[in-house]
Amino acid sequence: MSPHRKERKDRLIQMRGGAWASSSQDYLRLAVDLYRLSSEYAKKYDGNVSMYPIAGIPLLISTIRAALIEANSGMFGLGQDKSSMACLASDQNEIGLIREKYVKANTEVAVDFALLYEVRNEIVHPAHTPAGTKHNTPKNMLPLRERGLLQSAGREEGDYTWISQLQSHRLFRWSFFTVERVAEVVLGQHYSRQDSRAAHFQSYQAYRKYDL
């Protein structure tokens, strides 16, 4: 483990002095701005192509991670969950905690969140060599193609490059909807006041006003 990763891990499981505040809304606000730009861009062309999901989808994953830290540290009023904070510090990603604490592993929300995380990985850890398929979609990403979420020419015998397929406003919209559903469960379990929870949750639906 690098010293930098260890330091970030230690901050989650040790009570240290200093100041901190909510950051999930900062990530989310920027992601919504990118969604607005994505919608405007897609309208100018074919109604779907957009470069903005490449920047916005990783931000959505950061939004959920920040929200999980805030919730399990007690920021929303129901106290700290030290075991969940330890999971956030040690686990490779947030998928396990989402499945174990918030939604059942085989539910649609859990499956979609895991798939969204893989989309994030494709963007953050790019592998720009051929996918080995005629349509250029990696085999593990076929659920996205089958749902019509990718930017596609509609041809099985040759399609856009994989990174170009990810430049899809429909994919961005699905990503927001997936994060919205996860956030609904997380906020519902941690807020001591339902009026505050409802006000907070509205921010996860703000993207909807820019729908095509």
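The values are calculated or read from the model by the stated rules, or taken from the named source; none is laboratory data. Fair warning: this is a prediction, and the values are worked out from it, not measured in the lab. Methodologically, a virtual Cβ is constructed for each residue, glycine included, from the backbone with ideal geometry; neighbour enumeration extends over all protein chains shown.
Filtered by the rule that a residue be free of Cβ contacts under 8 Å to residues at least 12 places away in the same chain and in a helix (DSSP H, G or I), segment 63-84 gives a lone residue, Ser83. When Leu97 is tested against the conditions (1) more than 11 Å from the chain's Cα centre (by Cα); (2) within 30 Å of Lys209 (Cα to Cα); (3) modelled with pLDDT of 95 or more, the lone failure is (2). Scanning segment 181-212 for residues that are aliphatic (A, V, I, L, M), in a helix (DSSP H, G or I) and touching a residue at least 40 places away in the same chain (Cβ under 8 Å) returns Val182, Ala183, Val185, Val186, Leu187, Ala206. From the list Leu30, Leu37, Leu60, the one residue that fits, being outside any loop (DSSP other than H, G, I, E, B), crowded, with 17+ Cβ neighbours inside 10 Å and either out of contact with any helix residue (DSSP H, G or I) (no Cβ under 7 Å at 6 or more places or on another chain) or touching a residue at least 24 places away in the same chain (Cβ under 8 Å) (or both), is Leu60. Determine if segment 97-107 includes at least one residue that is of a type in the set (A, V, I, L, M, F, W, C), part of a helix (DSSP H, G or I) and surrounded by fewer than 17 Cβ atoms within 10 Å (Cβ to Cβ). The answer is no, given that none of the residues of segment 97-107 is of a type in the set (A, V, I, L, M, F, W, C), part of a helix (DSSP H, G or I) and surrounded by fewer than 17 Cβ atoms within 10 Å (Cβ to Cβ).
Across segment 129-180, the qualifying residues are those that are under 26 Å from Tyr207 (Cβ atoms), among the charged types (D, E, K, R) and in a helix (DSSP H, G or I), and the one among them that is nearest to the chain's Cα centre (by Cα) is Glu180. Against the condition surrounded by 12 or more Cβ atoms within 10 Å (Cβ to Cβ), of a type in the set (S, T, N, Q) and within 30 Å of Lys43 (Cα to Cα), how does Ser73 come out, does it pass? For Ser73, the condition - surrounded by 12 or more Cβ atoms within 10 Å (Cβ to Cβ), of a type in the set (S, T, N, Q) and within 30 Å of Lys43 (Cα to Cα) - is not met. When the residues of segment 138-162 are filtered to those that are hydrophobic (A, V, I, L, M, F, W, C) and either crowded, with 22+ Cβ neighbours inside 10 Å or in contact (Cβ under 8 Å) with a residue 40 or more places away in the chain (or both), the one that is farthest from Ala127 (Cα to Cα) is Leu149.
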